[in-house]
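Visitor: Structure below; questions to follow.
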Amino acid sequence: MTTIDKKSLIEERVNTGLLGQWYPVAKSVEVKTSRPYGAKVLGQKVVLWRDGADNIRCIEDFCPHRGAPLSYGEVHEGNIGCRYHGVIVDGDGVVVRVPAMPDCALEGRKALKSFEVTESNDCVFVYIPSVERPEAPELMLPKEMVSEDWTGFLCTSVWESNYRYALDNLADPMHGCYLHSESFTLAFGSKQDLMKLDKTENGFRIERVGQVGENFDWTEFEVHPGDMFCYLDIPYPPAAGPGGFMRIIGFVLPVDDTTCKVFFWRMREVSGVARDSWRFLYRAHLEERHWNVLEQDRVMLEGMPDDARKREMLYQHDLGVSRIRQILTRAAKSQIEAELAQTEAAE
Ligand code: FES
Ligand SMILES: [Fe+2]
């Protein structure tokens, strides 16, 4: 294998999305016992459903008979039945029954890949294995998502752009006071600054040098062996009522090369009565405003060409963008090398 080939494999892996990661794929409420849910993760179609015994199952969305999407089918006693000719497959990807054909040899065959699933904070996460990490490591969640003191709402949105753009956007706090300058919460602070980047225990923090707490002034990324997320604060202007900032926690799912799905938890550290009143206020007034801000990001990213990086001209503010790209490239390199070593060993 030449260096050029390896380089393009790495670039392709970054573009498709890293393996060996837990990805959020759906809101909990979307995955039901009654009906299968089809999703796409890193360009692969998968189907999820609840088996009635409190487990969410996830297998390839491909009927072993002739390839019909199993997500068009139905859930039968915890298994999934294909809509086309009725073949029944279980959550391990094994053909349980071929109802149209007596004693069919397909019965009992493991035909499909199955994926590990976990559920937390109203969200369903699926583990996509890699050669380096075939078994799922623990899903590491931000502290706000495992604490009783925080409460929040998950919002998801599908964007017609590669997931790298969503990550770049999150690693770029300076866009807040420009792209979102008309918005209720992000209209404050100065429009000129320098950025600084610091290493943290599990990742990095990118922040504006000249101001903190006035706008979207910093982002922290945490990179764990099996997942990656970021968080940032949106200050509440006095008009939004009492109580500090709102924390946004972001995960991004690479759906396929040209689509991603963002998962944002909007969280606050509030308890007791304040918690209930914030939850009410959020639903009644704030949610719509936050949607408007998110739409500004979506429209901007969808408008950028897929290969913008080939002719972009970065400047000092893009420290965070460069850092996140470096993290992805390093991880992709190590995955590709592990795969090549495995192929070589097999030859
Ligand atoms: S394709 Fe699914 S049963 Fe035939
Ligand atoms: Fe934004």
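Coordinate-derived values only; no laboratory data. Since this is a predicted model, take the numbers as computed values, not measurements. Heads up, the Cβs are rebuilt from the backbone with ideal geometry, glycines too, and the neighbour counts pull from every protein chain shown.
Visitor: Report relative contact order for the chain in percent, whole number only (criteria: Cα-Cα under 8 Å, sequence separation at least 6). Each step should come with its number before you reach the end.
Guide: Working: 660 pairs, mean separation 64.1, N = 347.
Taking the mean separation of contacting Cα pairs over the length of the chain, I get 18 percent.
Visitor: Could you pull out the pairs from LYS27/LYS113; LYS6/LYS110; LYS143/LYS261; LYS6/LYS199; LYS32/LYS143 whose alpha carbons sit more than 31 Å apart here?
Guide: Those over the limit are LYS6/LYS110.
Visitor: Something else about it: Per 5 Å bin, what is the whole-percent P(r) computed from every C-alpha pair distance within the stretch 143-330?
Guide: Reading upward from the zero bin: 1, 7, 16, 21, 21, 18, 10, 4, 1, 0, 0.
Visitor: Tabulate in residue order the Karplus-calculated ³J(HN,Hα) for the stretch 27-44, using 6.51 cos²θ - 1.76 cosθ + 1.60 with θ = phi - 60°, rounded to whole Hz; enter x for Gly and Pro.
Guide: Ordered by residue, 3J(HN,Hα) equals 6, 3, 5, 7, 9, 10, 7, 7, 8, x, 10, x, 9, 10, 10, 6, x, 9 Hz.
Visitor: List, in order, the whole-Hz ³J(HN,Hα) value for each residue of the stretch 99-109 obtained from phi through the Karplus relation with A = 6.51, B = -1.76, C = 1.60 and θ = phi - 60°; use x for Gly and Pro.
Guide: Listing the rounded values in order: x, 7, 9, x, 6, 6, 5, 5, 4, x, 7 Hz.
Visitor: How high is the FRET efficiency between SER271 and ALA346 when r is their beta carbon distance and R₀ equals 56 Å, given to the nearest 0.05?
Guide: Efficiency at R0 = 56 Å is approximately 0.50.
Visitor: Just to confirm the number: angle between the C-alpha axis of helix 272-281 and the first principal axis of the chain, 0 to 90 degrees, nearest 10?
Guide: Orientation of helix 272-281: about 80 degrees from the principal axis.
Visitor: Still on this model: Over the Cα atoms of the chain, each weighted equally, I'd like the Debye log10 I(q)/I(0) at q = 0.06, 0.08, 0.12, 0.15 Å⁻¹, rounded to two decimals.
Guide: With no solvent term, the Cα-only Debye profile gives -0.25, -0.45, -0.94, -1.32.
Visitor: To continue, here is another question. Could you work out how far helix 287-303 tilts from the main Cα principal axis of the chain, as a 0 to 90 degree angle to the nearest 10?
Guide: The angle comes out near 80 degrees.
Visitor: Given MET174, GLN296, GLN211, which one lies farthest toward the positive end of the charge dipole of the stretch 143-330, if we put +1 on the Cβ of every Lys and Arg and -1 on the Cβ of every Asp and Glu?
Guide: GLN211
Visitor: Working from Cα positions, state the angle (0 to 90°, nearest 10) between the long axis of helix 319-346 and the longest principal axis of the chain.
Guide: So the helix axis and the longest Cα principal axis differ by about 20 degrees.
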